[in-house]
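Novice: Encoded as structure tokens, here's the structure I'll be asking about.
The values are calculated or read from the model by the stated rules, or taken from the named source; none is laboratory data. Nothing here was measured: the structure is a model prediction, and the numbers come from that model. Backbone-built Cβ (ideal geometry, glycine too); neighbour counts: all protein chains shown.
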Ligand code: C2E
Ligand code: MG
Ligand code: MG
Ligand code: MG
């Protein structure tokens, strides 16, 4: 049977592959151009202290306003950007654009809080990263204490020593470091102890089914306890309901990011949100 199908199967795969490869190539070329053509944009998601309902930060999330395909979310292009190295250019663009924007809000006293940026390990390890970050801080009169870099737990593993040195430098400058999607990667506790990090972000996959899912509730409590004992700050992402928020607050995680308070929104919407929540 396999033999019978062998040839057709191959042809099927071959044409699929070609189509896939062609689409990827087209996507790669247009992503490369997207930065220069100003097709990228940033949405900001508020981070809220549930006790005061005040804003404590904004996370910058990149989007691609594609000329024919509409607004594209990172899951569609970040993977490709990482494979091709374009992520370095994207992250640099996001960093400068968001810092410029947030610095303006600080100047207008609309905001006094943190800007969180997602940093790929490729950018963190790039030769010019330290220079670039210093230049951006300087260009936009941005205080290091206003900045937090989010590194996904899944990326933390690679190249410990060099990464730790970089993070230590950033931390010494006063920049906050957080571990994103915490609980989904494999970072060891001893590594966590050695890293100069300020905050864990509980991954949204653990939040989705609480309260109700006993295992997820236990995991969330354990992560909060871990953060407590390592003296790390903690925030939950992907919070959508009252019940999820209440569970978190009751268990000691009062910082909340999620659709419950706000979806990621455009800079014009942020302005409105800030006027309402400060
Ligand atoms: P992340 O850093 O973990 O960001 C949180 C993601 O969860 C965002 O998806 C956000 O829209 C989504 N989210 C927030 N609250 C809720 C909620 O209540 N329910 C649900 N279902 N989702 C929620 P988004 O914007 O699609 O970004 C996906 C990922 O892409 C980010 O995950 C981050 O890893 C990556 N990413 C986004 N922007 C950048 C960037 O500028 N540079 C890099 N390197 N990666 C980025
Ligand atoms: Mg993040
Ligand atoms: Mg996350
Ligand atoms: Mg993520």
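Novice: Keeping to segment 67-94, report how many residues are within 16 Å of ligand 3 (Cβ to nearest atom) and over 13 Å from residue 122 (Cα atoms).
Specialist: 4
Novice: Yes or no: segment 34-45 includes at least one residue that is surrounded by 14 or more Cβ atoms within 10 Å (Cβ to Cβ), over 20 Å from residue 66 (Cα atoms) and modelled with pLDDT of 90 or more.
Specialist: Yes; the residues of segment 34-45 include at least one that is surrounded by 14 or more Cβ atoms within 10 Å (Cβ to Cβ), over 20 Å from residue 66 (Cα atoms) and modelled with pLDDT of 90 or more.
Novice: Could you run through segment 23-64 and say how many residues are away from ligand 2 (no atom under 16 Å from the Cβ), in a strand (DSSP E or B) and in contact with a strand residue (DSSP E or B) (Cβ under 6 Å, 6 or more places away or on another chain)?
Specialist: Adding up the residues that qualify gives 5.
Novice: Looking at (1) modelled with pLDDT of 95 or more; (2) within 26 Å of residue 54 (Cα to Cα); (3) surrounded by fewer than 13 Cβ atoms within 10 Å (Cβ to Cβ), which one does residue 231 not meet, given that it meets all the others?
Specialist: It is condition (1) that residue 231 fails.
Novice: Also, I was wondering about something else. Pull up segment 91-117, narrow it to residues that are outside any helix (DSSP H, G or I) and within 16 Å of ligand 1 (Cβ to nearest atom), then point me to the one that is farthest from the chain's Cα centre (by Cα).
Specialist: 114
Novice: Let me ask something else about it. Quick one: which residue in 151, 164 is within 16 Å of ligand 2 (Cβ to nearest atom) and either more than 18 Å from residue 256 (Cα to Cα) or touching a strand residue (DSSP E or B) at 6+ places or on another chain (Cβ under 7 Å) (or both)?
Specialist: 151
Novice: Right, another one. Any chance you could count how many residues in segment 150-164 are surrounded by 12 or more Cβ atoms within 10 Å (Cβ to Cβ) and part of a helix (DSSP H, G or I)?
Specialist: 7
Novice: Would you confirm whether any residue within segment 74-83 is exposed (fewer than 14 other Cβ atoms within 10 Å of the Cβ) and either more than 16 Å from the chain's Cα centre (by Cα) or outside any helix (DSSP H, G or I) (or both)?
Specialist: yes
Novice: Sticking with this one: Just one of (1) over 19 Å from residue 232 (Cβ atoms); (2) within 16 Å of ligand 1 (Cβ to nearest atom); (3) modelled with pLDDT under 95 trips up residue 155, so point out which.
Specialist: Checking residue 155 against (1) over 19 Å from residue 232 (Cβ atoms); (2) within 16 Å of ligand 1 (Cβ to nearest atom); (3) modelled with pLDDT under 95, the one that fails is (1).
Novice: Would you point out which residue out of 68, 52 is out of contact with any helix residue (DSSP H, G or I) (no Cβ under 7 Å at 6 or more places or on another chain) and either more than 28 Å from residue 240 (Cα to Cα) or modelled with pLDDT of 95 or more (or both)?
Specialist: Being out of contact with any helix residue (DSSP H, G or I) (no Cβ under 7 Å at 6 or more places or on another chain) and either more than 28 Å from residue 240 (Cα to Cα) or modelled with pLDDT of 95 or more (or both) holds for just one of 68, 52, which is 68.
Novice: Could you tell me whether residue 182 is more than 13 Å from ligand 3 (Cβ to nearest atom) and either crowded, with 16+ Cβ neighbours inside 10 Å or within 25 Å of residue 121 (Cβ to Cβ) (or both)?
Specialist: Against the criterion (more than 13 Å from ligand 3 (Cβ to nearest atom) and either crowded, with 16+ Cβ neighbours inside 10 Å or within 25 Å of residue 121 (Cβ to Cβ) (or both)), residue 182 does not qualify.
Novice: Within segment 199-222, can you find the residues that are away from ligand 4 (no atom under 16 Å from the Cβ), surrounded by fewer than 15 Cβ atoms within 10 Å (Cβ to Cβ) and at pLDDT 95 or above?
Specialist: Listed by number, the residues that qualify are 209, 213, 214, 215, 218, 222.
Novice: Any idea how many residues of segment 173-187 are under 17 Å from residue 225 (Cβ atoms) and more than 15 Å from ligand 1 (Cβ to nearest atom)?
Specialist: Residues meeting the conditions: 1.
Novice: Sticking with this structure for a sec: Output the residues belonging to segment 118-149 that are over 21 Å from residue 54 (Cβ atoms), outside any helix (DSSP H, G or I) and either within 16 Å of ligand 4 (Cβ to nearest atom) or touching a residue at least 40 places away in the same chain (Cβ under 8 Å) (or both).
Specialist: 118, 119, 120, 125, 140, 142, 149, listed by residue number.
Novice: Determine whether residue 60 is crowded, with 18+ Cβ neighbours inside 10 Å, away from ligand 1 (no atom under 13 Å from the Cβ) and modelled with pLDDT of 95 or more.
Specialist: It is false that residue 60 is crowded, with 18+ Cβ neighbours inside 10 Å, away from ligand 1 (no atom under 13 Å from the Cβ) and modelled with pLDDT of 95 or more.
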